[in-house]
Amino acid sequence: MIMTAYRKLSIKMKMFLMIMFMMAFIIILAFASLYYTYSVYDKQLFDKSSRLLNLSSSTVDVELQKLEALSLNMISDTQIQRALKSLLIDDSAYSSFMERKKITDRLWEHISGAARYVQSVHLIDSTGRVNKYGETLTVSREKYDRMIEAAEQANGAVRWLYPDDDDPMLVMVRQVRAYEPMTLEPVGILFLRINIERLVEEYAGMDSQDSDIILKAGSEVVYPYRQLPEAVTAGLNPLPGSGGYEVKNLDGREIFLSQKKSAYTGWVYYNMASYDEIFERIIWLKNSLIVVYLIAILVVLALGMVFARSLTRPIRQLISQMKEVQYGDLENIDANLSIPTHQHMDELGLLQRTYRLMITHINTLIKENYASQLVIKETEFKALQAQINPHFLYNALDSIHWLAKKNRQEQISSMVLSLGYLLRSSISFKQNIITLAEELEIVSHYITIQTYRFRQRLDFRLDVPAPYLECAIPKLTLQPLLENAIQYGLEPQVGSCLIRVYAEISGGKLALIVEDHGPGMEPEYVEQVLRGEVKTRGTGIGLLNIRERVRLAFGEEYDVLLESNPGLGTRVTVLLPPLSPGKEEKLWEDGCE
């Protein structure tokens, strides 16, 4: 139905629809490119954010691992272990005072070399007394109980308590157990209070006042605490996997949000960037493009209607003239055709002019019928003339051949006969693909002429088994290769030169090899020849021409290979299709015999 309706439309409407379709295609392409640019920018922004998050998370994780190692050193310290065991056994006033002093001294020795973001360290012994170094721990009873409970449930492992209104510090809790002897009896609890803002500022290079990095552990904000609106922190949810990015609306703003999950703590590191600020110019460009395209659509519609009308007006005029011709009044229409019309120099103007000329010619042909006979005779004469030159050359060479035989000039007779065969083979266009036997016949005549020229200097050997002779080959493939072998292998030498033509099966293909023992070529020169950068001396068929004809005839897998080394001669291999299965089996049997 659609195609039928389209065929019934006028050319003006078809042109109008085509212009509209082109405009729609260009607009879709432009906006697709624009949104592709958005995605590219998003990826580049994510790459930058990812590098920042990887660096920040790695440095923070390393420091937290150091703190875990520090806590392990504290709880496994021999003196602290002994003091805690002593307090467990003897809790007298003087003894407990001395043991707690030892604990405090050892805590100071451990913590004094630690980073300055450790706010304080607290060790609770079995009696519930706190041995500390640094700030006094002032938290609510509820949080204190949570810290004790978390340490006891971890069974010696590290647990983290995140900043809250009671204490803005990140707290590491760990249960101390007896190591010597290895009873693993609980003897105390260790608290490390860590200033997470100072840690991030020093090691991740971020200031909490204008930080765009956020650390969250589940729903708890680790950094920066109480610096972000609740709507922002509530909207930060981890994506599946260990990282990724998305564009979200947080607190009324479009935010480009990338994230990275820490493999050590399981915390999620977020990096925020204002999407509108980054893409402000691109958004302006998109809006401008929309306005420009709307204006362009209106302008193109108007120009399209004018253009379509300018095309169809001459066609309508031509149709009206053709309707007059339909009635067969050719005598009277000549007067109408001679009336000047709007002269166009485009195809439609040429169509009108051609139509007028055609009508004039029709009248002339009707009146002068003999013109057609003249055209036929002229065509026959040209066809006969095209045959004169080749036949004249063949007849002249044939006369020379018989005159030489009459005078017993065998060499001249043989050369003229071979030359005539070569000329006939090169001019004939009846077959482009011939058998290998026919190609070798051309080679034989060519070598006959060259043998009289070079005599003993040309040592030519042909070794092609009979089963190969039925193989197909492009016409004039081997003769140009032999010509190159003589020109570049034989002629530069003073002495004789061996030139061989032989065949073999290689990789399931028939390989015809033309090999000479001439001076050879440098590898760099061979590469230039294969790239077609070397200008040949003569005007014959070049190696690239032969390669192209072989590929056009049999496919890209068949090729012409060139191998040469200085002083070792040159070898050209022509790869052709193998024989049919039955003939190929016979070929292998003959080769084995």
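General observations
- If you go through segment 238-259 and pick out every residue that is surrounded by 13 or more Cβ atoms within 10 Å (Cβ to Cβ) and outside any strand (DSSP E or B), you end up with 3.
- Qualifying residue in segment 11-27 (condition: more than 30 Å from LEU257 (Cα to Cα), not hydroxyl-bearing (Ser, Thr, Tyr) and not in a helix (DSSP H, G or I)): no
- Of all residues in segment 445-461, those satisfying the criterion of being within 22 Å of THR477 (Cβ to Cβ), in contact (Cβ under 8 Å) with a residue 24 or more places away in the chain and in a helix (DSSP H, G or I) are HIS445, TYR446, ILE447, THR448, ILE449, GLN450.
- In segment 563-576, the residues that are surrounded by 16 or more Cβ atoms within 10 Å (Cβ to Cβ) and either under 33 Å from the mean Cα position of the chain (by Cα) or not hydroxyl-bearing (Ser, Thr, Tyr) (or both): GLU563, GLY569, ARG571, VAL572, VAL574, LEU575, LEU576
- One residue from GLU515, GLU557 being surrounded by fewer than 19 Cβ atoms within 10 Å (Cβ to Cβ) and either in a loop (DSSP other than H, G, I, E, B) or more than 33 Å from the chain's Cα centre (by Cα) (or both): GLU557
- Any hit, segment 423-444, residues being at pLDDT 70 or above, over 21 Å from PHE554 (Cβ atoms) and either under 47 Å from the mean Cα position of the chain (by Cα) or surrounded by 18 or more Cβ atoms within 10 Å (Cβ to Cβ) (or both): no
- Residue in segment 429-440 that is among the aliphatic types (A, V, I, L, M) and assigned by TED's automatic domain parsing to the domain that holds LEU579 present: no
- Wholly enclosed strands (runs of 3 or more DSSP E) of segment 97-186 bearing at least 3 residues closer than 22 Å to TYR223 by Cα and in contact with a Phe, Trp or Tyr (Cβ under 8 Å, 6 or more places away or on another chain): 170-177
- Pairs, first within 16 Å of VAL176 (Cα to Cα) in segment 142-160, second in a helix (DSSP H, G or I) and polar (S, T, N, Q), C-beta under 7 Å, six or more apart: VAL158/SER71
- Applying the condition of being farther than 12 Å from LEU318 by Cα and part of a helix (DSSP H, G or I) to segment 342-357 and asking which residue is modelled with the lowest pLDDT yields GLU347.
- So TYR502, is it at pLDDT 85 or above, part of a strand (DSSP E or B), of a type outside the set (Val, Ile, Thr) and closer than 17 Å to LEU436 by Cα: yes
- All positions within segment 151-190 that are within 60 Å of the chain's Cα centre (by Cα) and of a type in the set (Ser, Thr, Tyr): TYR162
The values are calculated or read from the model by the stated rules, or taken from the named source; none is laboratory data. All figures in this text were calculated on a predicted structure; none of them were measured in a lab. Here the Cβ is made from the backbone with ideal geometry for all residues, glycine too, and neighbour counts use every protein chain on show.
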